[in-house]
Amino acid sequence: MSAIRSVVRGVGAYLPARCLTNADLVQMVDTSDEWIVQRTGIRTRHIAAEGEVTSDLALKAAQAALADAGLEPGDIDLIVLATSTPDNTFPATAVSVQAGLGITHGAAFDIQAVCSGFVYALATADNFLKSGAYRRCLVIGAETFSRILDWSDRTTCVLFGDGAGALVLEAVRDGEDGRGLLTTHLRSDGRYKNKLYVDGGVSSTRSVGYLRMEGREVFRHAVGMITDVIVDAFSATGESAETIDWFVPHQANRRIIDASAVKLGIAPEKVVITVDKHGNTSAASIPLALATAHADGRIKRGDLVLLEAMGGGFTWGSALVRW
Ligand code: UT7
């Protein structure tokens, strides 16, 4: 039976120039390099320049992904952009990227699922491509979390950073040696919406607000939720911890990543970790990690790549890709 699959054609990323180290944070709040590294694995994060907005980061990541794919902006007919830190309340940040690329056909819209945003965007794009409605999609995760951090709150400000990453997906009939997105699994449970949230918003306070998190509570749920949805991906495909080549998790906290890999029986050498370099960049973290492991030659054509994320909502999800 003939079927359409979403095949990865290119990947790109962008981090703002300014780098904020743990030593810099020690000057700002009561913290230490030792505490941050031990509890999170984070050493540096990048901060967008004054006037540099989420769509600027996203545009650079998208251009890098297009260059990697050997495609022109005009080849793209769908842009799905995951962010919780849009340039404006509306229009969608995706349409600014569309305009920046000079694309006037097709469609562009945002997805909001906080740290799970990239997996949600990937699943959405995949379904549009498989339906035959669009041919080539930019799936982008882009954030400027520095703009919603309370820089006097040491329990949150040391954890997050700014950045963007993008994938180009192409609808291919009958695959190419089984390449493409094999399965996606999305979950949410709104009972936990107050564990990780922003204390402002258009309809509630008419302001932007600051990120608030019960870190220990998020941690407590994270490993179970992540591993459940990965087991779903394995059940749907017959793949396993042994058959995957790379595990590219949401980069929130090294301890959560390590504990999830151990629980699933994934060998440490298969785990891609970049959280040390950019902190938690929410929806941008998976494509940032993918871009790193693709650029340094770890992820190669035909490799089986497992993605997962968990974040505010709670939302969580997984995806399995034959690269
Ligand atoms: O993207 C998905 C969403 N986010 C996450 O995945 C984050 C999930 N949670 C976590 O990663 C961890 O819970 C944190 C890294 C946020 C915190 O680590 P923890 O081991 O759970 O620490 P804790 O919250 O239990 O705090 C332990 C202590 C507390 O002091 P007391 O009450 O024991 O005296 C905190 O006040 O560490 C203190 N603390 C700090 N100390 C130095 C909290 N933040 C800091 C800090 N520097 N930056």
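Structural remarks
- Which listed residue, of 62, 82, is of a type outside the set (Ser, Thr, Tyr), within 16 Å of the ligand (Cβ to nearest atom) and at negative phi: 82
- Filtering segment 258-308 to residues that are without any contact (Cβ under 8 Å) to a residue 24 or more places away in the chain and buried (at least 24 other Cβ atoms within 10 Å of the Cβ) leaves nothing.
- Where residue 295 falls short, out of the listed (1) more than 27 Å from residue 177 (Cβ to Cβ); (2) away from the ligand (no atom under 16 Å from the Cβ): (1)
- Answer from 285, 260 - the residue that is touching a helix residue (DSSP H, G or I) at 6+ places or on another chain (Cβ under 9 Å) and farther than 17 Å from residue 244 by Cα: 285
- Hey, residue 311 within 11 Å of the ligand (Cβ to nearest atom), in contact with a strand residue (DSSP E or B) (Cβ under 8 Å, 6 or more places away or on another chain) and in contact (Cβ under 8 Å) with a residue 12 or more places away in the chain or not: yes
- Residues (under 23 Å from residue 250 (Cα atoms) and surrounded by fewer than 19 Cβ atoms within 10 Å (Cβ to Cβ)) located in segment 61-111: 63, 109
- Qualifying residues in segment 234-247 (those that are part of a loop (DSSP other than H, G, I, E, B) and in contact (Cβ under 8 Å) with a residue 40 or more places away in the chain) - the one farthest from the ligand (Cβ to nearest atom): 243
- Of note, residue 152 does not satisfy the criterion of being outside the structural domain of residue 72 (by TED's automatic domain parsing) and more than 29 Å from residue 67 (Cα to Cα).
- All conditions in (1) surrounded by fewer than 24 Cβ atoms within 10 Å (Cβ to Cβ); (2) farther than 17 Å from residue 49 by Cβ hold for residue 151, with the sole exception of (2).
- Only one of the numbered conditions (1) within 16 Å of the ligand (Cβ to nearest atom); (2) surrounded by fewer than 17 Cβ atoms within 10 Å (Cβ to Cβ) is not met by residue 25, and that is (2).
The values are calculated or read from the model by the stated rules, or taken from the named source; none is laboratory data. Bear in mind that the values here come from a model prediction, so they are computed numbers and not experimental data. We place every Cβ from the backbone using ideal geometry, glycine too, and count neighbours over all the protein chains shown.
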